[in-house]
Amino acid sequence: MKTLRYSLIVSALISLSSQLSLFAHAERATKASLAGQWTGQLETPGGIQRVSITIAEQRDGNTLALLNVAAAPQNTPLRVVNSPDSVAFYADKAGYRFMAQAVGAGKRLRGQWQQPGFRTTLVLDRLPAAPTLAASGLKGKTLAYKTEEVRVSSPSAELGLGGSLSMPLGTGPFPAVVLLADGSQATGVTGTYNLLEELADYLTRQGMAVLRLDGRSAGRSAAIPAATSRHELVADAQSALTFLRSHSGVDPLRVGLLGHGQGANLALQVAALAPTPAFLVSLGAAGVNGQELLARQTGLVNQPGEPDTAQLAWDRKELQLMTLARREARKQLAAGVPAQQVQVRVAQEQLRLNAEAQKRSDALYKRQYAMLEIIRQTSDNAQAQAIVANMLKQFYPSLPSATAQQRAAQLTSPWCRSLLAYNPQADLGKVSCPTLLLHGTADSQVLPAANLPLLEKGLKANKRVSSQTLEGLNHDFLAPASAQALAAGTEQRPPASADALDAVREWVVQQVKP
């Protein structure tokens, strides 16, 4: 009898131990299932706000989370407190708290949101997991990241350049990239569209550390004088590479450069020097010399970051005319006009507009090339500025005289003279790292037909060069529909082409495999 009783007790203990083990396993699974991105709408007295919480599990068992809501800084860190049946998120500095439970088979978080003076029910839905570079060989699988302000010391900038470093959540070391923007001061702004800002978000979510520096005399680098030559910007870019290579969360052997426009040419110049980057992505780089490149710029006399209003006006006019042509075509089709005949008329209108645009572009190029030639040949700045200001007033009669004088001074500045004399061919033969050349076929600022062959020729000794053109994309790598929406003013912040983002991702992942 005692033996039987003992056996029953042992069996019960084993059963209880098994159940506790299963419970613990189920609890861990429930907690692990929270990893990912959750989003929903928060109804506040001031209106509806979108709330997003991104959760990541670390190998040490800790949970990291970031909050995105309109009233708080982007990617605000959250303190996470787990309990057996709920989870609490605290943004201590902002005074936010979210006490929630997972419901709906772990696909929804429901609970109480609290902030100073306000409390309400909040429901967040889990977003489908996005593909990451981790699936293709990177270890830093992440949907979220944290961003911190940094200051990078440079031999050409005593105060150090200000910028931001985006790091994936989780353990490193991660591959990393320095982004170099278009424009002489690397502000990265083209009207209302910022390509590098979108690339930074995209690449960090794919598992890469991304460093962006504010251009000299701008943003967090406002106290640093503007560059007077390319050598200063080269030193800045080299310092950015050193900063990443020295970071504890970055793999120093997998740090590369990605540049856009003039930033791409700067990246090529830096890659020609030792120590070389692990890889280089060139978006819309020039193969022609500085004078030829600037003469083709439709917004040459604009301030950095100032939209080219003349070009935007023409784009809007072209969009309106083509919209009218297509509307008329639909009427003709409804009236029984043969479809082939209607299509020919629409095509003829498009050809007419294209021919008119090319005529305008050629006329602008001739005027600007002549103006830049005067600058190049006139060493006396006072004389050069007087002539250029007069030419600008003739080109743009409505331009105020003071503005013409100011922009003439900019075009005759040491920086602009340095750019006029720059020839990328001098550096290309020294670039030995894996390099991707990416251009859009609709780029009117850096014409692929004139620039890409020269780049390929200069890099011919490098056997690790890939060259791609993306159909219909412009200099900012916007698809035609997005470019038209931006020109029409119907979309203030269009997304970059998915083809461009995927092309960068697919190539980079091959270069940074461990």
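Just one of (1) β-branched (Val, Ile, Thr); (2) over 28 Å from Gly472 (Cβ atoms); (3) assigned to a helix (DSSP H, G or I); (4) out of contact with any Lys or Arg (no Cβ under 9 Å at 6 or more places or on another chain) fails for Ile375. It is (4).
I'd like to know if the stretch 20-34 contains one or more residues that are buried (at least 17 other Cβ atoms within 10 Å of the Cβ) and at pLDDT 80 or above. Yes.
Across the stretch 182-227, the qualifying residues are those that are farther than 23 Å from Gly290 by Cα and in a strand (DSSP E or B), and the one among them that is modelled with the lowest pLDDT is Tyr193. Restricting attention to the stretch 450-480, the residues that are among the small types (Gly, Ala, Ser) and within 25 Å of the chain's Cα centre (by Cα) add up to 4. Quick check: anything in the stretch 65-85 at pLDDT 80 or above, touching a Pro at 6+ places or on another chain (Cβ under 7 Å) and not acidic (Asp, Glu)? Yes, the stretch 65-85 contains a residue that is at pLDDT 80 or above, touching a Pro at 6+ places or on another chain (Cβ under 7 Å) and not acidic (Asp, Glu). Considered as a group, the residues in the stretch 74-128 that are in contact (Cβ under 8 Å) with a residue 60 or more places away in the chain and among the small types (Gly, Ala, Ser) include one that is surrounded by the most Cβ atoms within 10 Å (Cβ to Cβ), and that residue is Ala102.
Residue-by-condition table, conditions (1) in the same structural domain as Ser166 (by TED's automatic domain parsing); (2) more than 30 Å from Gln406 (Cβ to Cβ):
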{"position": "His260", "(1), (2)": "yes, no"}
{"position": "Ala264", "(1), (2)": "yes, no"}
{"position": "Leu268", "(1), (2)": "yes, yes"}
{"position": "Gln320", "(1), (2)": "no, yes"}
{"position": "Lys331", "(1), (2)": "no, yes"}
{"position": "Val337", "(1), (2)": "no, yes"}
{"position": "Val346", "(1), (2)": "no, yes"}
{"position": "Arg352", "(1), (2)": "no, yes"}
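Within the option set Leu324, Leu273, Leu319, being surrounded by 14 or more Cβ atoms within 10 Å (Cβ to Cβ) and not in a loop (DSSP other than H, G, I, E, B) holds for one residue only, Leu319.
Screening the candidates Gln405, Gln368, Gln348 for the property of being part of a helix (DSSP H, G or I) and in contact (Cβ under 8 Å) with a residue 60 or more places away in the chain yields one hit, Gln368.
Per-residue answers, yes or no, for (1) in contact with a strand residue (DSSP E or B) (Cβ under 8 Å, 6 or more places away or on another chain); (2) within 27 Å of Thr147 (Cβ to Cβ); (3) buried (at least 17 other Cβ atoms within 10 Å of the Cβ):
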site: His231; (1), (2), (3): no, no, no
site: Leu266; (1), (2), (3): yes, yes, yes
site: Ser282; (1), (2), (3): yes, yes, yes
site: Gly290; (1), (2), (3): no, no, yes
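Hey, among Ala285, Ala240, which residue is in a loop (DSSP other than H, G, I, E, B), within 18 Å of the chain's Cα centre (by Cα) and not β-branched (Val, Ile, Thr)?
Ala285 is the lone residue from the list that is in a loop (DSSP other than H, G, I, E, B), within 18 Å of the chain's Cα centre (by Cα) and not β-branched (Val, Ile, Thr).
Could you please find all residues in the stretch 351-393 being at pLDDT below 90 and not aliphatic (A, V, I, L, M)? Walk me through how you get there before you give the answer.
Narrowing the stretch 351-393 to residues at pLDDT below 90: 351-365.
Scanning the stretch 351-393 gives Arg352, Asn354, Glu356, Gln358, Lys359, Arg360, Ser361, Asp362, Tyr365.
Just name the residue that is modelled with the lowest pLDDT out of those in the stretch 283-305 that are closer than 15 Å to Gly458 by Cβ and aliphatic (A, V, I, L, M). Looking at the filtered set, the residue picked out is Leu293. Within the stretch 438-450, residues that are among the β-branched types (Val, Ile, Thr) sit with their Cβ atoms under 6 Å from residues that are part of a strand (DSSP E or B) and modelled with pLDDT of 95 or more, at 6+ positions apart or across chains, in these pairs: Thr441/Thr469.
Among Val178, Val152, which is outside any helix (DSSP H, G or I) and modelled with pLDDT under 95?
Numbers: Val178 fails: modelled with pLDDT under 95.
Sole residue among the options that is outside any helix (DSSP H, G or I) and modelled with pLDDT under 95: Val152.
The values are calculated or read from the model by the stated rules, or taken from the named source; none is laboratory data. Computed from a predicted structure; not experimentally measured. FYI the Cβ positions are ideal-geometry reconstructions off the backbone, even for glycines, and counts take in every protein chain you see.
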